[in-house]
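Chemist: Quick one: this structure, given as structure tokens, is what I'll be asking you about.
No value in this document is a laboratory result; all are computed from the given coordinates. Given the structure is predicted, the values throughout are model-derived calculations rather than measurements. Cβ coordinates were reconstructed from backbone atoms using ideal geometry, including for glycine residues, and neighbour counts include every protein chain displayed.
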Amino acid sequence: MMTGRELASLEMTNMKIIYAPNPLRTIIELDDHEKKEFWYKLKIEEMLCQMLDAPFCMNENDKYFDLKRAREELNIDSLYKQEGETQSKIDQRIDEMCEYYIKALMDIHRGDCTCIACSCDKCYAPEIRGINTITELRKHEASKIGSAFWQGKDLPERSLSEAIEILSKPVEYPKTSIRNGYTDEQFQYHIPRWNQEQANACEWLKNYRDTFYFQRLPTNNRENK
């Protein structure tokens, strides 16, 4: 659940947030001014990363010891245009990153936040702007929410009400190949946790529906959403 402070933070922002039935697909649109602000915040973040990476390359006892790389990370010339260049090296890099992450704001959450072993650009990009539209949604619950909406490749997602209905029903765990290598006792040990994660996911999705999604829809459009 979002705290009152987090909710107020989202309400106060002027940027356009389009709450989708599936919260993992919520879209954040930036106007020209917000894109420029995003560009500068991204540049600050990249400069900090460069400075923080350099010390790891300067410890002779560390496997990442690399003085050449440390010099490159701390090269102040990258901050300024060189003769014959229209942009500094770091500004060229930020232009590419900014375009990439603005597209991520329109995409779906896909990464550690949904139990997929990779970083999530959809999480990182909003954090640069200081917002989080899926706050307090843990990765296992997010994975279950994503599964509840998904019907199959090339098929439309289920509606919000259908996803909540699926999450509210008890789950059966049939004996399949996934159990190979596990005793029945070992498999059964995890079921209470899985059931609790599903219950938590259902409760979070209901709160999202009532607090965000329905609040942005006309009353006559809320049925069967």
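Chemist: Set Lys and Arg Cβ to +1 and Asp and Glu Cβ to -1, take the dipole of the range 62-183 about its Cα centre, and tell me which of 170, 64, 130 lies farthest positive.
Modeler: 170
Chemist: Measuring from a point 7 Å past the Cα of residue 127 along Cα-to-C-beta, which residues in the range 98-112 have an amide N at less than 12 Å?
Modeler: 112
Chemist: Compute the length gained on full extension between residue 162 and residue 91: take 0.36 nm times their separation in residues and subtract their Cα-Cα distance, giving the result in nm to one decimal.
Modeler: Contour length minus the Cα-Cα distance gives 21.0 nm.
Chemist: Bin all alpha-carbon pair distances of the range 120-177 at 10 Å intervals from 0 and give each bin's fraction as a whole percent.
Modeler: P(r) over the range 120-177, rounded to whole percents: 19, 37, 33, 10, 1.
Chemist: Classify the range 51-164 as rounded, prolate or oblate, taking a ≥ b ≥ c as the square roots of the eigenvalues of its Cα gyration tensor: rounded when a/c is under 1.5, otherwise prolate if a/b is larger than b/c and oblate if not. Kindly include the intermediate steps, with their values, before the conclusion.
Modeler: On the way: a/c = 3.40, a/b = 1.98, b/c = 1.72.
It comes out prolate by the Cα gyration axes.
Chemist: Evaluate E = 1/(1 + (r/R0)^6) for residue 151 and residue 99, where r is the Cβ-Cβ distance and R0 equals 35 Å; express this FRET efficiency to the nearest 0.05.
Modeler: Values: r = 32 Å, r/R0 = 0.91.
Plugging the Cβ-Cβ distance into 1/(1 + (r/R0)^6) gives 0.65.
Chemist: Continuing with this model, one more query. I'd like the Karplus ³J(HN,Hα) series for the range 127-142: coefficients 6.51, -1.76, 1.60, θ = phi - 60°, whole numbers in Hz, and an x wherever there's a Gly or Pro.
Modeler: Coupling constants for the range 127-142: 5, 4, 8, x, 10, 8, 8, 10, 4, 6, 8, 7, 4, 5, 5, 5 Hz.
Chemist: Hey, got the Cα dimensions of the range 119-216 along the principal axes, in Å, largest first?
Modeler: Principal-axis extents of the range 119-216 (Cα, largest first): 47, 29, 28 Å.
Chemist: Let me ask something else. Tell me, what HN-Hα J-couplings in whole Hz come from the Karplus equation 6.51 cos²θ - 1.76 cosθ + 1.60 at θ = phi - 60° for each residue of the range 111-122, using x for Gly and Pro?
Modeler: Here the 3J(HN,Hα) series is x, 4, 5, 10, 6, 10, 6, 6, 6, 10, 5, 5 Hz.
Chemist: With the cut-off at 29 Å, tell me which of the pairs 16/169; 63/122; 122/144; 16/89 have Cα atoms farther apart than that. Spell out each step's value before the answer.
Modeler: Working: 16/169 34 Å; 63/122 32 Å; 122/144 18 Å; 16/89 31 Å.
In this structure, 16/169; 63/122; 16/89 exceed 29 Å between Cα atoms.
Chemist: If each of residue 47 and residue 138 carries a label point 7 Å out from its Cα toward its Cβ, how far apart are those two points in nm?
Modeler: 3.9
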